[in-house]
Amino acid sequence: MTTTGRRALLRAGAAAGAAALVGCTSSEGGEAPRKPSAAELEAERAARAEAALRLRSVTAARSLLERYDTTLAAHPALAPRLTPLRRSVAAHAKALGEGGTAVKPVTTSPSPSVSASASASMAPAPVPAPADPRAALKELAAAERQAADRHTNALLTAPPEYARLLASVAAAGAAHAYLLTEGAPA
């Protein structure tokens, strides 16, 4: 992330903090509601963008976790090999979701917030695992690579701390893909 991007993020955060300290004015006596400042609107936009990014990242991780579960259900003999990787993916999904995926708007106009429950209802049905264990491992490795690529692509728009987390999760996904295909025999 460029210095200019960090400065803009810091300005937006400072403006949101200042707005929280000042508080809202009451609309007693027929006064019009206070219009949010440009800084407040920018802070809200940045928060919404980050919440959407977090939601996409968590959704990718949870989808991968479901792939592990379907593969383990279809091939219990692979449990010693897959269980540690599945545990790691579960930890990644939890870490990617920390910090929240919902945003409370500062504007006076109603707008829907991004929530994890909304995306869960739109999630596609789990993909069944292939009958052949080697094919199942190959498909799981492909799913790991795909999730790692999504996390890597998200780095471009992520705030610095979240970008570091995404980079770590993407690297772990690449390592998992290697372990599933090249690292050990089936």
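Here are a few things to note about the model shown:
- Fully extended contour minus Cα-Cα distance, from Ala142 to Ala49, at 0.36 nm per residue: 30.7 nm
- Virtual paramagnetic centre 7 Å along Cα→Cβ of Ala167, amide N under 15 Å, in the stretch 127-145: none
- Coupling constants for the stretch 76-83 follow from the phi torsions by the Karplus curve (6.51 cos²θ - 1.76 cosθ + 1.60, θ = phi - 60°), and in residue order they are x, 5, 7, 3, x, 7, 8, 4 Hz; glycine and proline get x.
None of the figures in this text is laboratory data; all of them are computed from the coordinates on show. All figures in this text were calculated on a predicted structure; none of them were measured in a lab. Cβ coordinates were reconstructed from backbone atoms using ideal geometry, including for glycine residues, and neighbour counts include every protein chain displayed.
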